[in-house]
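Reviewing the structure listed below.
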Amino acid sequence: MPAQVSRLLHAHQIVLKEARTMARLSADRGDDGTNDLIVSSVIRTNEAQVWFVAEHAVDSPLVRTK
């Protein structure tokens with residue numbers, strides 16, 4: 001379970017990194033509609049998910065089953 005939570009957290013962080021890049025590019029090009037969509041739908045949603053998932057991440061060793 002800890003590995004799954006860690007991977008999910010990492011995946012959300014990747015989405016956020018790419019979405020912030022896209023938001024910056026759309027803002028630079030004056031595409032306010034695309035920028036608003038990315039910020040309001042993608043970035044804010046994933047930021048909330050990162051917070052939620054991070055609260056469930058524990059600093060414990062991985063457990064191996066036999």
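The values are calculated or read from the model by the stated rules, or taken from the named source; none is laboratory data. Here the structure is a predicted model, which means the values were calculated and not measured. Note: ideal-geometry Cβ built from the backbone for every residue, glycine included; neighbour counts use all protein chains shown. The area values use the complete protein model at the heavy-atom level, side chains included, leaving out ligands, DNA and RNA. Shrake-Rupley method; radii C 1.70, N 1.55, O 1.52, S 1.80 Å.
For Val53, state whether it is crowded, with 16+ Cβ neighbours inside 10 Å and modelled with pLDDT under 95. Criteria met by Val53. In segment 1-30, the residues that are within 15 Å of Phe52 (Cα to Cα) form Cβ pairs under 7 Å with partners that are open to solvent by 60 Å² or more (accessible area, probe 1.4 Å), at six or more places apart or across chains, as follows: Pro2/Val58; Pro2/Leu62; Val5/His56; His12/Gln49; Leu16/Glu47.
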